[in-house]
Amino acid sequence: MKRIFTALALGLVYAAIPAGAVEIVPGDGITYAAKFVFQKKDTMSGAPALSVYSGQTIDTPGDGGSPATIPTTKSMAWCDPATNPPAGAVPGTCYGWAMHSKWFLIDLSGLKAQGLSKLNVTINAKRYVGSDPAKSDLIPALTVWRGNQTQGPHLHWYPSQFQATPPFWGWLLSPWTDKTNPGYMSANGVGPQTAASVNGVFKLKGRKEDFLTVAIGGDAKHDDPSQKHDVYFQLEVDVKQASSGGGGGGGQVIDPNGCVVGKTCWHPPMNHCMSVDLCNLPQYQGQCQCY
């Protein structure tokens with residue numbers, strides 16, 4: 001059984017999690033900080049979301065490897081003018097700093113064989129308050145692609161929002177979308193915002209294609225680049241079954257945009273679903289389409 005080891009002030013606490021739920025991936029291709037492996041039981045109504053946070057130590061007993069600690073990201077990692085993007089980049093376009101961001105793999109590859117065909121997936125990047133207040137001020141942002149980049153080193157930059165050119169170096173990654181949405185799933189925070197969320201319907205295709213890659217970074221937009229600093233974060237992934245007819249599994253109802261009624265709403269400027277809590281923030285009021 002996989003276990004999470006969390007060091008607390010009062011001692012070492014061992015918190016068991018479902019077998020195979022969170023695994024560390026060897027550092028080939030993109031160096032993923034952790035892998036979320038979902039089983040059918042994790043997609044049932046009432047099953048909790050899986051999450052990791054900076055400073056959390058994940059161990060895989062019996063595998064011969066050392067425990068791995070979830071790292072911090074950088075406060076400007078998701079959109080940093082210093083990323084040195086390739087030739088052909090549009091001036092003023094937002095690029096992520098690949099080495100300053102943290103990458104995660106969501107493994108859904110076993111679910112089609114377990115009788116599932118469509119999933120409702122919600123991925124949240126949240127502020128996490130750790131032991132150092134100076135690292136607890138994340139303005140969260142994330143980008144999600146379909147696929148698993150198993151080959152080759154990742155370059156200095158990455159397109160944090162959809163751009164046709166220059167071509168993305170992650171040739172095994174593609175937009176997680178449908179025919180009506182050609183863009184990447186991405187969301188970024190504004191001002192005091194402490195969470196950024198993407199949500200969508202994921203259609204299972206087969207073992208080699210049923211992965212999601214997540215890049216997490218800060219979007220602080222410091223006026224002075226020297227203000228960049230390490231920041232804690234929490235990544236939360238919720239996967240629930242969806243019926244083939246478009247209705248939500250486990251009592252959820254999916255609207256025509258693929259959003260979960262009562263939980264998320266469509267945000268046209270960002271071209272993805274956002275949580276109702278985010279839509280209710282002053283900077284987003286009047287922008288979301290809720291059913």
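Taking all protein chains together, W169, W176 sort by accessible area into W169, W176, largest first [probe 1.4 Å].
Cross-link reach is defined here as a Cα-Cα straight distance under 25 Å, omitting same-chain residues fewer than 8 places apart; for K221 the lysines meeting it are K74, K102, K126, K135. Across the protein chains, with a 1.4 Å probe defining accessible surface, the residues S160, S117, S226 rank S226, S117, S160 from largest area downward. With a point put 7 Å past each Cα toward its Cβ, work out how far Q114 is from S45 in nm, to one decimal. Placing both labels 7 Å beyond Cα along the Cβ direction yields 1.8 nm. Dipole orientation for the stretch 42-178: of the candidates I70, W176, I106, W176 has the Cα lying most toward the positive pole (charges on Cβ; Lys, Arg +1; Asp, Glu -1). K40 sits with roughly 80 Å² accessible to a 1.4 Å probe, with DNA, RNA and ligands left out of the calculation. Estimated at the nearest 10 Å², the accessible area of Y232 is 30 Å² with a 1.4 Å probe. Using R0 = 30 Å, the C-beta based FRET efficiency linking A82 and A164 works out to 0.80. Note on A68 and S174: with the Förster distance fixed at 30 Å, the Cβ-Cβ geometry gives a FRET efficiency of about 0.60.
Per-residue accessible area (protein heavy atoms, 1.4 Å probe) orders K263, K35 as K263, K35, starting from the largest.
Given R0 = 25 Å, the distance between the Cβ atoms of D132 and T57 translates into a calculated FRET efficiency of 0.90.
The values are calculated or read from the model by the stated rules, or taken from the named source; none is laboratory data. Nothing here was measured: the structure is a model prediction, and the numbers come from that model. No Cβ is skipped: glycine too gets one built from the backbone with ideal geometry, and neighbour counts run over all protein chains shown. Ligands, DNA and RNA are stripped out before the accessible areas are found, and what is left, the full protein with its side chains, is counted by its heavy atoms. Shrake-Rupley method; radii C 1.70, N 1.55, O 1.52, S 1.80 Å.
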